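Single-structure report; data block below.
Just so it is clear, none of the values below were taken in a lab; they were calculated from the coordinates. The shown structure was predicted, so the numbers you read here are calculated from the model rather than taken from an experiment.
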Amino acid sequence: MSCFGNIQQLCVQEKLGSSAALQYILCENSDIRRIGTYSRFAECLHTDAIAKWITVARCSVSDEGRKLLEQNVVETRNKGIKTSLTFTLNGKQRCVFDSGHWVSSEDGCPGGGSVPEFNKSVQNELNGGNSTSTTSASTATATESV
């Protein structure tokens with residue numbers, strides 16, 4: 001389910017943009033056991049436009065979604081990321097979750113490692129903690145090594 005969850009996240013980002021992808025990922029993170037399920041996908045994909053929903057859903061079950069995942073794996077390897085789950089924000093490694101706990105360079109995971117603490121710290125960083133933050137394609141990614 002984890003790889004399918006990654007494909008869903010990548011398709012949301014590709015079809016709806018990074019801001020929608022961040023909101024989608026934050027929603028998914030609130031119930032991580034269900035990432036990659038169709039029910040969680042439907043709950044977290046906040047769009048009133050059925051055409052957008054269908055576009056993302058089609059991407060997630062097609063060659064397009066698999067190609068996005070393959071590109072993401074190459075990008076992950078090029079960045080030297082070897083641990084699932086590694087979070088980057090604005091192109092810089094932020095936190096690493098491995099073997100059931102947060103690990104990282106100097107300070108662990110800034111803002112805390114629980115899902116609510118992590119979500120809040122990312123939102124703070126993007127909304128006010130750093131006025132130069134952007135939500136580009138690589139802004140907030142949860143990368144899983146394959």
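Whole-Hz Karplus ³J(HN,Hα) for the stretch 83-95, in order, using 6.51 cos²θ - 1.76 cosθ + 1.60 and θ = phi - 60°, x for Gly and Pro?
10, 8, 10, 10, 9, 10, 9, 6, x, 10, 4, 10, 8
Quick check: residue separation of N127 and D98 times 0.36 nm, minus the Cα distance between them. What number comes out in nm?
Result: 7.7 nm gained on full extension.
5 Å is the cut-off here: which amide hydrogens, built 1.01 Å from N in the peptide plane, fall below it relative to S84, excluding neighbours closer than 5 in sequence?
When sequence neighbours closer than 5 places are left aside, the close amide H contacts are S145.
Checking the cross-link filter: which lysines have an alpha carbon closer than 17 Å to that of K67, excluding same-chain neighbours under 8 positions apart?
Candidates past the 8-residue exclusion: K15.
When the Karplus curve 6.51 cos²θ - 1.76 cosθ + 1.60 is applied with θ = phi - 60°, which whole-Hz ³J(HN,Hα) does each residue of the stretch 68-81 get, with x for Gly and Pro?
Once θ is set to phi - 60°, the couplings for the stretch 68-81 become 4, 5, 4, 4, 5, 5, 4, 4, 4, 5, 4, 7, x, 7 Hz.
Around L89, which amide H atoms from residues at least 5 apart in sequence, or from another chain, sit under 5 Å from its own amide H, with H modelled in the peptide plane?
HN-HN under 5 Å from L89: R94.
Output wanted: per-residue J couplings in Hz (rounded whole) for the stretch 117-122, from phi through Karplus 6.51 cos²θ - 1.76 cosθ + 1.60, θ = phi - 60°, x for Gly and Pro.
Result, ordered by residue: 5, 5, 4, 5, 5, 5 Hz.
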